[in-house]
Every structure is written in structure tokens, then in C-alpha cells.
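In what follows, a structure is listed as C-alpha cells, so that the remarks can point back to it.
Each value in this text was obtained by applying a stated rule to the coordinates, not by laboratory testing. Given the structure is predicted, the values throughout are model-derived calculations rather than measurements. Heads up, the Cβs are rebuilt from the backbone with ideal geometry, glycines too, and the neighbour counts pull from every protein chain shown.
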Amino acid sequence: MTDAELAIGDYVEPEEHGLGAIARRRWESWKAGDVGVMPVVVGLCVITAFFYSQNSNFLTAGNFTNLMVQMAGVTTIAIGVVFVLLLGEIDLSIGYVSGIAGVVVAKLTFPDGSFEAKGIVAIVIAVIVTALIGLFQGSFVAIIGVPSFVVTLAGLLFWQGVILYSIGDQGVIVIDDSLVNNVSNYFFSDTAGYLIAAIATGLFVLASLLGVFSRRRHGILTDNPVLVVLKLVGFAAIAFGAVYWANQERGFPVAFLLVIVLLVFWTWVAERTTFGRHVYAVGGNAEAARRAGINVRNIRIFVFMISGAMAGLGGVIFASRLNSVDLNAGGGTILLDAIAAAVIGGTSLFGGRGRVISALMGSLVIATVANGIDLLGYSSAIKFMVTGAILLAAVTLDAVSRRRLERAGR
Amino acid sequence: MASPSPAGVVTPRLETRGVSKSFGSVLALDDVDFEVRAGEVMALVGDNGAGKSTLIKCIAGIYAMDEGEVYSNGEKVTIHGPKDASRLGIEVVYQDLALCDNLDVVQNMYLGRETHDILFRLKEPEMEARTGEVLKGLSVTSIRSIRQQVASLSGGQRQSVAIGRAVMWNSRIVILDEPTAALGVAQTRQVLDLVRRLAEQGLAVVLISHNLHDIFEAADRITVLRLGRNAAIFERSQTTQQEVVHAITAGIPTKVSGIDHTDTDAPA
């Protein structure tokens, strides 16, 4: 505590640094409407407690590993959605674009002697293809100025047509490539799981320490050391806890590790790079961003490429899980689940507010509800109704907090 | 004024001579001269449609002038776009501020000019430290935390952030478009004090305002435009509000195209 006080620049008063002051400030911004991921965390706890009280199988390790694999695809797609929503745009094509990636991978790895590709090559090509789809759609939005809603609605129809056309009469293409299939069906051994948790914790500690040292070197307010330590301990507990739990059953799924890596990478992009800063700026006030010399057009196009690429990766995860693609690839509730996940997780539909982690939090809610209702033996009718109600609640909260933020300003 | 400055007169930091600009058949600026010196606040006033905004946008490189010359410290320069203007150290704070509400003070101060390393990683600590220094240098102390979202700031604080951003980049000429238009009494006071401090730090400040009270409080000299032409230039200390109002509403052009004119610094 004393060390930290020495490092405080004289611009900010030392009183601001105590735990009490931090809590008070958090509470104030909370009241002003800046709620962040708090509501979804609370909601998640309530949902978990409810289902556990109804059915004690809900918290078993088997169900837990299931849940992680179930939600991997939607979470991946939702990461792309978060970026699009940060701009205040929408991408309705992600469902069938993910299907396109599945078809590309299936066709490329299909052993018919023509141009059989290795699994990893097929996946890379699929993601490039979907990124290019994003580039194409984003160009209409950013250069010509067609509303993204319509461009991607057209994409929704078009890419569905392309999927039906390319799968054709076969109805289904089986994926034989073991690497592709392992994406959703491989589980780490117990030791490997713990090793991963250890490495992740180590990296997190290193990053936190580097951050603290860098701030101290510049003589500005560092985070409260108590909070830093709490964060480190919390991270380690979650990492090792999750691996321990998964190890009781099949082990930690590789698909979920992929999701974590993607979350960390895109969080870094959104919050630590100039590109991410510019995405928030364009979403908050595009005119201000333009005057500040930011190339708004390129930012928009690039975000749609991210959306396409992440939809593609999600599509690979889905295809891998089924070991095949069929005429329904990319259909069903994928699109709505992904958008709902980002919104439920706390990303604003109005642009400029939200975090990449909300993709995980939101799809955790959706997957938990779906999984719990299945366990209780209710029909999917109930599932839809409950998910719909939660989405409505999340959007309402977003609109209310936006109004409060506006009132708090000025 | 078309002749070289006589000895003993300060060379203006920025000077325009004979600026004309028309939009279709509308002549928005007709042979306008304007100057601002280092360390002074030059007010630019005029009724709606007098050409204030057009002149500023020409100087800022947003509009291309049809005719006219620009001199920076006595040297002839050309302004073809906003980049040229910022290279000359010209920064404009527009009326609508152009701040991003969803970003914090530091992020807004560095918007579009973030410092980063080769991996495009932001150097947050460096930016935060420098933002603190700049605001402190301008005696902007009412902002509780520079990590607070701009949405939660008051109008005066937002104006201070916008001005801070403008002066942060080694700018030498700051143009403020109606900085007090939406502010209450106390906040207007804050912003006018800030405007004075900018001039005291050696910047050339152009203050556009409708509010004569503010102008008489903060400005050293006053340029009046009327219907796209120069109407008068006053020394603040040697004029009255009535005189300025008269120039704004009924001022006679100090020079008329086609007629040879002598040095017509305003009646004082």
C-alpha cells in the first residue's frame, strides 16, 4: 500500500486509491448506467442455482464438459458479433457464413482424389474464404453506405443458397479428416490439462506484473495491489478449478481451449491496440473519429472481416462436432444464439460499449439455460421462450443503462 | 495591410490576405484579410452568414480557397488539406467538440494519434502520464479522474478536454468555434480563463463567438466580418460594445474589390 502511494502521480489524489474509494467509484458508475458484465454474472449465478436445486445432475463433471463443447461454436461466432455491435452495426449472415466454412472444409478434405487438402490447410482456407465474404459485405456497408442490416440479410439468403447448391443431392458430406474432427472431439489428458492451466496462470501473472511495473515507471496510479492479487488468485482458481472439474470426466476439451485463446487474443486487440481503440471510437462517435484522422471506412471493413472469419472458425467447430456438414449447416438457431450471446453478455446494440468477454458470458447463459431445460426434460418450446425472455431482459437493460448514461453526462 | 509589415510591427503568426470563396453563385468570402499574432486572442465576430465559419474552414484546410494567400510567421504557405493545416500547427476545436462519449479523457486526448509500439500495442501509461501533465499545465484541475468517461463530464470539462487535445500536439494556432455557446456562467468563466492561459503560453488563439461579453473579457483584438467582407478590426482596449455591434450589423466594408485601398486598420 505504501509502495503504491509513493508511485502516485500528483495529478490524482491519493485518497482515490483505497479499496473503499474504488468500490464507491464502481458503485457510482454503476448507478450512472455503466453496468458492464455485472448483470450477466449475477444472472448466471441465479440460473445455475435454480437448475441445481431442480436437478443435482446439473453440476456434474460430465455435464460441465458437455456444456463447454456445446457452447464453443456459438461463443466463437459471438466474438465476431461483439466487434460488429461495437460499431453499432449488425451482421445477420454469420449463421450461413459459418455453414460455408463447414462446407469448404468438408469439400477440401473429402477423399475423392481431386484436390484433397490436409485438415489444417482446409481450415485455414475456410477461414480465409469467410473473411473474404466479410470483406465483400463490409465493403457495401463502408464504401457504398448500404445499411448493414440489409447487406447481411441479403448475405443470409445468398449463402444459404450457396450451401444448398454445393451440397446438392448428397444431402450430407462426411468429414474424414482426423484433425478437423478432433477440433470438437478431442479432450486433453489430466496432466496436459493441468499443464495448460499452469501456463495460462503464469502468463496472466507475468502480464499483470509487467503492467504494474510499466505504470509505476511512468509515475502514475497503479491498480490497488490488493485487487491485483485478488485477480491473480481468482484467475488461478478458475483455471485450475475448471481443469480439475473437467478431469473428473473426459478431460478439458480442445475446443474450449481454442475459445479461450480466441477470447484472450481478441480482448487484447480490442483493448490494447490502436485498431481496437479506433473500433470503440467509430462506434461511439463516427464523426469525431473521422475528424481525428481515423480511417473509418477501413475500420468498418476490417470489422466485417473479423466477423466473417470468426463465423468461419465457429462453423469449423460445428462441422467438427457432427463429423459432417449437411443441408442444415449454419441454420437453426446459430445466428440468433450468437447475436443474443453478445447482447446478453452486455455488449450494447447502440455501438461503442461492450467487451469481448461478453461473448463468453452470454453464450454461457444461453447454453446453461438450454442444457438445464434439457436435463429437466422440458421441450424445446420452453427453451425458446426462456431464452427469448432473457434476451428481452438484456436488451431492455442495455436501453435503460444507455438512457441513464446520457442523463448522467453534461 | 497588403504591403509588407513596417518595422516595429509584429509579424503575425498567421495571416491571410485577399481570401475569396464562393459556393456556386454565392460569394461567401470576398477579399478577406485576417491575422492573429502569437500570444494574443483574436476574436472573430459577425452575424450569421458573415463568413466566419467559411474563413475558419479555409484556414483549417477543409475548404479550398478560390483566391487568397496565407502567411505563417511572414512566410507564404499553402494549405491544401487538413494535413497541411496541422503541419502548420493549426488546430480547430469545433462547436460540437467531436469527443467520443464512450471513451475516457486520455483516450479522447489521443484519439487518432495514439502512441503505440511496432505491434500496435498502446502505450497506456505514457499517454496517461502526458494527459495529466497537459491538463495540469492548463490548470484544468476540476476533472476528478482522467480515466473517467467523457460522457460523465460537465460541459465546461468537456470543452477543456477538447481544448487540451488541440494544444497537446505542438500546435501554435488554436481556433475555438463558439467554445462557450452551451455553457452556464461558472463554466463559461472556466473556459474563458483557459482561453487566456493559452495566449499567455504564447499560442495564437482565434476565438469565434456571438457573445460580446465573452469577447470583451477574453480577446485582445476583434475582427468583424459582415456579409463575407472585412468590416473592422478593433483593439479591445480602445473600443466599446456599441461600436462592435454597429460594425457587425451595419459595418461598411473596409476595402472593396477593384478599388485601390490604403492601409485601413479599423477606426479606433
Next item on the list: Tabulate in residue order the Karplus-calculated ³J(HN,Hα) for the stretch A:131-142, using 6.51 cos²θ - 1.76 cosθ + 1.60 with θ = phi - 60°, rounded to whole Hz; enter x for Gly and Pro.
Entry: 5, 5, 4, x, 4, 4, 5, x, 5, 4, 5, 7
Notebook entry, point to check: In the Gaussian network model of chain B, springs joining C-alpha atoms below 10 Å, which of B:72, B:25, B:86 carries the largest mean-square fluctuation?
Noted result: B:25
Check: Taking Cα atoms, how many degrees apart are the long axis of helix A:38-54 and the longest axis of chain A, rounded to 10 and kept between 0 and 90?
Finding: 60
Margin query: Angle check, please: helix A:94-109 long axis (alpha carbons) against the longest principal axis of chain A (alpha carbons), in degrees 0 to 90, nearest 10.
Written below: 50
Margin query: Neighbour counts of other C-beta atoms within 10 Å: give me A:76, B:78, B:54, A:48 arranged from fewest to most.
Written below: B:78, A:48, B:54, A:76
Check: Under the Karplus relation 6.51 cos²θ - 1.76 cosθ + 1.60, θ = phi - 60°, what is the ordered set of whole-Hz ³J(HN,Hα) values for the stretch A:192-206, x standing for Gly and Pro?
Finding: 4, x, 5, 4, 4, 4, 5, 4, 4, 4, x, 4, 5, 4, 4
Next item on the list: Work out the mean other chain Cβ neighbour count within 10 Å for the residues of A:53-63 and drop it here as an integer.
Entry: 0
Next item on the list: Please average, across the residues of A:282-293, the number of beta carbons from any other chain that are within 10 Å of each residue's own beta carbon, and give a whole number.
Entry: 6
Item checked: Least to most buried among A:278, B:80, B:210 (fewest other Cβ within 10 Å first) -> B:80, B:210, A:278
Margin query: Under 8 Å for C-alpha pairs, at least 6 residues apart: give me the relative contact order for chain B, rounded to a whole percent.
Written below: 26
Check: Check residue B:92: other-chain or 5+ apart residues with amide H under 5 Å from its amide H, H built from backbone geometry?
Finding: B:175
Next item on the list: Compute the long axis of helix B:155-167 from its Cα atoms, compare it with the longest principal axis of the Cα atoms of chain B, and write down the angle in degrees, 0 to 90, nearest 10.
Entry: 80
Note to self: Given contacts defined as C-alpha pairs under 8 Å and at least six residues apart, what's the relative contact order of the stretch B:1-91, whole-number percent?
What the structure shows: 30
Notebook entry, point to check: Which whole-Hz ³J(HN,Hα) couplings does the stretch A:227-234 yield from phi under the Karplus relation 6.51 cos²θ - 1.76 cosθ + 1.60, θ = phi - 60°, glycine and proline marked x?
Noted result: 5, 4, 5, 4, 4, 4, 4, x
Next item on the list: Beyond 24 Å between alpha-carbons counts as too far, so tell me which of B:57/B:123; B:83/B:136; B:57/B:83; B:21/B:76 fall in that bin.
Entry: B:57/B:123; B:83/B:136
Notebook entry, point to check: Using the 10 angstrom Cβ neighbour count as an exposure proxy, how do A:158, A:265, A:318, A:58 rank, fewest first?
Noted result: A:265, A:158, A:58, A:318
Notebook entry, point to check: Between the stretch B:118-141 and the stretch A:197-212, what is the C-alpha centre distance in whole Å?
Noted result: 25
